[in-house]
Amino acid sequence: MTDGRRVWRWAVAVWLVLVAVAGGLTLWWQDPEEPQRPAWEKSGPTPSLPEGWETACAHVTPDENGGVACFIRTR
C-alpha cells in the first residue's frame, strides 16, 4: 500500500469519527424538556380579516365536518 493511500484512509477514518462524535454530542446536548417545534408552528399572530369578509364568504357551503374555506385576496 502506498503512503498516499494510507494517508487518505487515515483522513477518511478521522473524518468519520469526528462526524459520529459531533452527531452524538448534538443529540446529547438537546434539551429533553422542550422538544423542537417545526418552523411552520413558529409563525406570528394571525392577521385580522378585512372589512366585508362576511358577504364575500356568504356563498360558501360547509363540508361534511362543518368546516369552510374562503379565500380573500387583498392588495
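The values are calculated or read from the model by the stated rules, or taken from the named source; none is laboratory data. Please read these numbers as outputs of a predicted model, since none were measured by experiment. Areas reflect the complete protein model, heavy atoms only, side chains present, ligands, DNA and RNA absent. Shrake-Rupley method; radii C 1.70, N 1.55, O 1.52, S 1.80 Å.
Structure data summary
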read-out	value
Accessible surface of residue 60 - all protein chains present, 1.4 Å probe, nearest 10 Å²	40 Å²
Gain on full stretching of the segment that runs from residue 60 to residue 17 - 0.36 nm per residue minus C-alpha separation	9.5 nm
